[in-house]
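First up is the structure itself, then whatever we jot down about it.
The values are calculated or read from the model by the stated rules, or taken from the named source; none is laboratory data. Remember, it's a predicted structure, so these values are computed and weren't measured experimentally. All Cβ positions, glycine included, derive from the backbone under ideal geometry; neighbour counts span all protein chains shown. Remember, those area values only see protein heavy atoms, side chains included, never the ligands or the DNA or RNA. Shrake-Rupley method; radii C 1.70, N 1.55, O 1.52, S 1.80 Å.
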Amino acid sequence: MRKYKKTTIAALLCAPIMVNGAPLLIKDASLIISMESTDKDLTGRLYEKDILVEDGQIKAIGKNLVADNAKVVNASGKIVMPGLIDVHNHLWQSTIRGCGIDKNVKDWLPPCVFPISFNYQQAYDAVTLSTLDLINTGVTTVVDWSHAYNAKFVEGNVQALQDSGMRYVYTYNLNPLNNAHAKVTKAQVDKDTLGTFHLASHPAGYMQDTVQNAVDMAKEMETTLNFHYAENKKDRLDEQTATLINTNATDVRLVLNHVVDVNDEEIDMMAKTGAKVSYNALSNMRLASGVAPVEKMYKAGIDIGMGLDGGTSDNSNYFALMKAAIGLQRAYHQDPSVFPTVEDVLYLSTMGGAKVIGMEEKIGSLAVGKRADLIILNPATTNMGVNHDELAQIAFNAEPVNVEYVVVEGNILKDEGQLPISDKDFHALLERNEKTVQLLKKGNTNS
């Protein structure tokens, strides 16, 4: 790992490589997957072009671009595409990878999620490890559905996101006792140009008063409300749809995660109310939750993005998520042409995700005027080295090792395959997280 001078308030952390106000010029990209769709090409492919970035914004895309004092990145032989968007994650869960590996979601929650009570440093370190893993795999924007266990947990969680250099949505799991702290946290996130604030809850029937409070607060704070919804058949016992209706949750902007066990009437309700959906293929497989009816939802006009979902994806390999998102549907339907296709999954990973979080005017595609969130893939590796289909290579062959550059708002977070954290600091981070893991196993995180 490359050794950079530390510039954050923490004792370690991946500080973005600032371009110091100079332009960033990406030269001679062999393939640009712009995601500016046309009638003939959903992915908007361009060949042998340059991209000029100034002040965090894409200023030009074309041939033979020049800029004074620019940082120049040679992209010859490489693939440039929008940064990947992870619309559902729990970043503290880097500390519970492998927990409950043989359990469904109902049996996984008690030992792996419910007893947590992190302090500031434990939350900061766990989230930092996850942001490094996300950057490594090419994720530039993440929705962090935070369980908000206590005020210090929230503060450490948010600070780690802000120090990461990533674009993020901090999603605060609300109950009536922390309404005031949620407002304070939103004010902190709102000051960050890369941050967005959402509220969260769980629409179980036995939690209807808590959900009603979250709905009322979402209206008051003018923010999106983010739910786990219909994750598996056992969730039906909680009368989740009735809870959404009884609390008027459908009157606010909704993001619904998982959405595995829904019927046609519920899909129609989501479409009519403008709800957005995250598709969590790896998590749904790991927890034996089932197969989300994403094709039905897509045909109903519902915006869909892709989510890694924290500990139940076991790491942040977004390319594995792409392959699973395609393969799970093919296996279930026994049809290789079913949604999502390769082109579809690239769309869901970029523009689809941007639409889910309401940022399609800023990110999700590479176009003049949009923010410069992008990644550069180097296919000259053992896993990608032979090219039969340039798009299929990304969804089926690529790995984090192929991600050579990660750029957010024009700042480089991964440079020539290296994350900006020293080996010493990285191993110190791992050691602190390992101590947290051992405390979790003993049922006490605040020792």
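Run GLY98 past the list (1) assigned to a strand (DSSP E or B); (2) at positive phi and report the number of the one that doesn't hold.
Here GLY98 clears every test but (1).
Quick grid of which residues meet (1) more than 24 Å from LEU109 (Cβ to Cβ); (2) aromatic (Phe, Trp, Tyr); (3) assigned to a helix (DSSP H, G or I); (4) out of contact with any Ser or Thr (no Cβ under 9 Å at 6 or more places or on another chain):
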position	(1), (2), (3), (4)
VAL211	no, no, yes, no
ALA214	no, no, yes, no
LYS219	yes, no, yes, yes
THR223	yes, no, no, no
ALA242	no, no, yes, yes
ILE245	yes, no, yes, yes
THR250	yes, no, yes, no
LEU256	no, no, no, no
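As an exercise: evaluate MET384 against (1) more than 24 Å from ASN226 (Cβ to Cβ); (2) part of a loop (DSSP other than H, G, I, E, B); (3) open to solvent by 10 Å² or more (accessible area, probe 1.4 Å) and give the number of the one condition it does not meet.
Of everything listed in (1) more than 24 Å from ASN226 (Cβ to Cβ); (2) part of a loop (DSSP other than H, G, I, E, B); (3) open to solvent by 10 Å² or more (accessible area, probe 1.4 Å), MET384 misses just condition (3).
Filter region 91-110 down to the residues that are of a type outside the set (A, V, I, L, M), within 20 Å of GLN438 (Cα to Cα) and in contact (Cβ under 8 Å) with a residue 60 or more places away in the chain and list them by number.
TRP92, GLN93, SER94, THR95, ARG97, GLY98, CYS99, TRP108
Restricting to region 399-420, count the residues that are touching a helix residue (DSSP H, G or I) at 6+ places or on another chain (Cβ under 9 Å) and acidic (Asp, Glu).
Qualifying residue count for the region: 1.
If I go through region 258-270 residue by residue, how many of them are open to solvent by 40 Å² or more (accessible area, probe 1.4 Å) and in a helix (DSSP H, G or I)?
The qualifying residues number 3.
For region 157-173, what are the residues that are surrounded by fewer than 24 Cβ atoms within 10 Å (Cβ to Cβ) and either small (Gly, Ala, Ser) or over 29 Å from GLN418 (Cα atoms) (or both)?
ASN173
Which residues, taken from region 113-140, are buried (at least 22 other Cβ atoms within 10 Å of the Cβ), more than 14 Å from LYS435 (Cα to Cα) and out of contact with any strand residue (DSSP E or B) (no Cβ under 9 Å at 6 or more places or on another chain)?
THR128, LEU132
Within region 393-423, track down each residue that is at pLDDT 95 or above, open to solvent by 20 Å² or more (accessible area, probe 1.4 Å) and assigned to a helix (DSSP H, G or I).
Answer for region 393-423, where residues must be at pLDDT 95 or above, open to solvent by 20 Å² or more (accessible area, probe 1.4 Å) and assigned to a helix (DSSP H, G or I): PHE396, ASN397, PRO400, VAL401.
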